[in-house]
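Reading through the C-alpha cells given below for one structure.
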Amino acid sequence: MTRRRRGIGPLALAVIGAAGLTVLVILPVIALTVRAPWSQALDLLGEPSNRTALRLSLVVSTAALATSVVIGLPIAWLLARVDFPGRRFARAIIMLPMVVPPVVGGVALLVAFGPDGFVGQWLDEWFGIRLAHTTTAAVLAATFVSLPFLVVTVEAALRGLDQRYEDAARTLGAQPATVLWHVTLPAIRGALGAGGALAWARALGEFGATITFAGSFEGRTRTMPLAISRTLERDPEGAIVLSLALLAVAVAVLATLRERWWVR
C-alpha cells in the first residue's frame, strides 16, 4: 500500500505534464504540419522577401545574443557577487522585460531613442545618428527582451558556484582577469550556454518591441515574425509554411546548442 501511494504522485505528475505538453505544444505543431500547403512550400520559401526576412532574423538574433553576453555577464556577476544598496531593485529592473508586454518595451525604446526621444534627439543633432526604423533598432529591441534570460540563468549559476576554486586561484597569485577566464567562466559554461540559447531563441521570436521601435521595412527591419504576421493577412497558408520554417530553424539551433553546452 505504501509503495502504491508513493507511485501515485510521480505517475499523476507525469500524466499532467504529458497532457499539458501535448495540448499546448505538440498538437499546435502537428496542426501546422498537417495544414501546411507542402506543394507550395519551396516556392514560398524561395521568395526573395521571405529569404531576406529569415536571414535578417538570424542576423538580428545573433547580434542580440552577442550584445546580451557583453552586457549581461557583468550584470549577472554584480548581482551574484556584490552586495550593494538597491540590489533587489536592480534585479527587478533587469527582469522587467520578462513581465511587461513587448510592445511596452518598444514604446519605451521609441521614447528614449526615437527621432524626438529623450536621447535620440541629441544623437541625431550632435552625431547624425538615427536609431529608430533601422536594423540597429531591431537588434536593440531584441536585446531588450532577451537580456533578462541570460542574466537570470548566469546569476543563478554564479550563486551556486563553489568559490573555493576561485579563492585557490587567487591564493596562487592569479590575477582577477585570469580567475574569471580560466576558472569562473569554464565552471559556468553550461549555464552560460543555456542562458545564451534562451536569449537567442527569445530574440529570434521577437515581434512587439521590434515592430513598435524598428517598424517593418523589408530588408532592414522585417524579421521573420513580422513577415509571418504580414503574410497571415493575405495568405494564411503561406504564413503556416513560414511559421514551420522558423520553428525548424529554432529547433535545429537549440538542439545543437544543447548537445554542445547543456549536456556538458
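What follows is calculated from the coordinates using simple rules that are stated; it is not laboratory data. Fair warning: this is a prediction, and the values are worked out from it, not measured in the lab. FYI the Cβ positions are ideal-geometry reconstructions off the backbone, even for glycines, and counts take in every protein chain you see.
A few notes on this one:
- Sparsely packed loop sites in the range 118-213 (the trypsin sites (Lys or Arg not before Pro) outside DSSP H, G, I, E and B with at most 16 other Cβ atoms within 10 Å) comprise ARG130.
- Per-residue 3J(HN,Hα) values for the range 149-160, derived from phi via the Karplus relation 6.51 cos²θ - 1.76 cosθ + 1.60 with θ = phi - 60°, read 5, 6, 4, 4, 5, 5, 4, 4, 5, 5, 5, x Hz in sequence order (x marks Gly and Pro).
- Neighbours of LEU79, meaning other residues whose beta-carbon lies under 13 angstrom from its beta-carbon, give a summed charge of +3 when Lys and Arg score +1 and Asp and Glu score -1.
- Size of charge dipole - the chain - debye, nearest 20, with Cβ of Lys, Arg +1 and Asp, Glu -1, no other charges: 1220 debye
- Cut-off under 5 Å, modelled amide H: who pairs with ALA214 long-range: HIS133
- Using only side-chain charges placed at the Cβ, +1 for Lys and Arg and -1 for Asp and Glu, the dipole size of the range 52-150 relative to its Cα centre rounds to 380 debye.
- Computed from backbone phi with θ = phi - 60° and the Karplus coefficients 6.51, -1.76 and 1.60, the 3J(HN,Hα) list for the range 65-80 is 5, 4, 5, 5, 5, 4, 7, x, 4, x, 5, 4, 5, 4, 5, 8 Hz; x is used for glycine and proline.
- Over the chain, relative contact order from alpha-carbon pairs under 8 Å, at least 6 apart, %: 30 percent
- Listed peptides 247-255, 32-40 by packing density, highest first (mean Cβ within 10 Å): 247-255, 32-40
- Rounded to the nearest 20 debye, dipole of the range 6-112 from Cβ charges on Lys, Arg, Asp, Glu: 380 debye
- Mean Cβ neighbour count within 10 Å, used as a protection proxy, ranking 132-139, 113-120 highest first: 132-139, 113-120
- Label selected from (i) 19.5; (ii) 18.1; (iii) 20.5, the criterion being mean projected area of the Cα convex hull in nm² as computed here: (iii)
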